[in-house]
Amino acid sequence: MLDAFSRAVVTADTSTSCVSDLSALKAFVAEGNKRLDAVNAIASNASCMVSDAVAGMICENQGLIQAGGNCYPNRRMAACLRDAEIILRYVTYALLAGDASVLDDRCLNGLKETYAALGVPTTSTVRAIQIMKAQAAAHINDTNTEAGGGKNFRRMGAVKGDCSAITAEVSSYFDRVISALS
Ligand SMILES: CCC1=C(C)/C(=C/C2=NC(=C\c3[nH]c(/C=C4\NC(=O)[C@H](C)[C@H]4CC)c(C)c3CCC(=O)O)/C(CCC(=O)O)=C2C)NC1=O
């Protein structure tokens, strides 16, 4: 598993050069609090995000919870909720590290094959992940609304700033999950 710093070292080592161009790492440090706030925005809303994403996925495709569906019976429903939580957790690890390797190596490696073997439907999984991607952007940018959140509505209240880069980065990790499963 690599992070933004060890990635710079490994990259330099493969070309037997000194670590150079530290500008990206300087920005990583300078923007560090933004990254921590973004990780916190996801981690502290994780269980709500997971249950909402899986509920939305099922609402749009109710065959999933009928006999023959991959969220039926309760054992599979529980496995599905667990998987959504695992995936979201590894996305937060990647975001904290500033590198996708932990997500690739410990979560996505072989997952497509596992899902194919178990008959876990890709389009439904992708839908749940897309919902979590949208939720993450909303929580990081505090753009979620009381109308959308209902009784679970929660505003993070972090200092307002430009979160476009960190939002794009976390979106890229969700996209990585989607392309690994597709
Ligand atoms: C640390 C990394 C890690 C991952 C990622 C992981 C995934 C994982 N998900 C599994 C099953 C499963 N995954 C799902 C998920 C779903 N079904 C649906 O219809 C939805 C689309 C979707 C939820 C969004 C289901 C239902 C099963 C059980 C399938 C079965 O046993 O028939 C299994 C098979 C073993 C088991 O049931 O526990 C693995 C290994 N395990 C790990 O250790």
With every protein chain kept in place and a 1.4 Å probe, the chain has an accessible area per residue in Å² of 56
The number of Lys pairs in the chain whose alpha carbons lie under 30 Å apart, excluding pairs fewer than 8 residues apart on one chain, is 10
Of every Cα-Cα pair in the range 46-120, the percentage lying beyond 16 Å is 56
So the carbon and sulfur contribution to the accessible area of the chain, 1.4 Å probe, in percent, is 56
The range 1-96: spread of alpha-carbon positions along the three principal axes, whole Å, largest first, is 60, 29, 19
With +1 at each Lys and Arg Cβ and -1 at each Asp and Glu Cβ, the charge dipole magnitude of the range 1-76 around its Cα centre, to the nearest 20 debye, comes out at 200
Once both label points are put 7 Å beyond Cα along the C-beta direction, the GLN62-THR143 separation in nm becomes 3.2
Quick calc, the chain, dipole around Cα centre from Cβ unit charges on Lys, Arg (+) and Asp, Glu (-), nearest 20 debye, gives 500
Checked the chain against the a/c 1.5 cut and the a/b vs b/c comparison, axes a ≥ b ≥ c from its Cα gyration tensor; verdict oblate
For LEU22 and LEU118, extending 7 Å from Cα along the Cα-Cβ vector and measuring point to point gives, in nm, a value of 4.5
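The values are calculated or read from the model by the stated rules, or taken from the named source; none is laboratory data. Since the model is a prediction, treat every value here as computed from it, not as a measurement. Note that each Cβ is placed from the backbone with ideal geometry, even for glycine, and that neighbours are counted across all protein chains shown. Areas reflect the complete protein model, heavy atoms only, side chains present, ligands, DNA and RNA absent. Shrake-Rupley method; radii C 1.70, N 1.55, O 1.52, S 1.80 Å.
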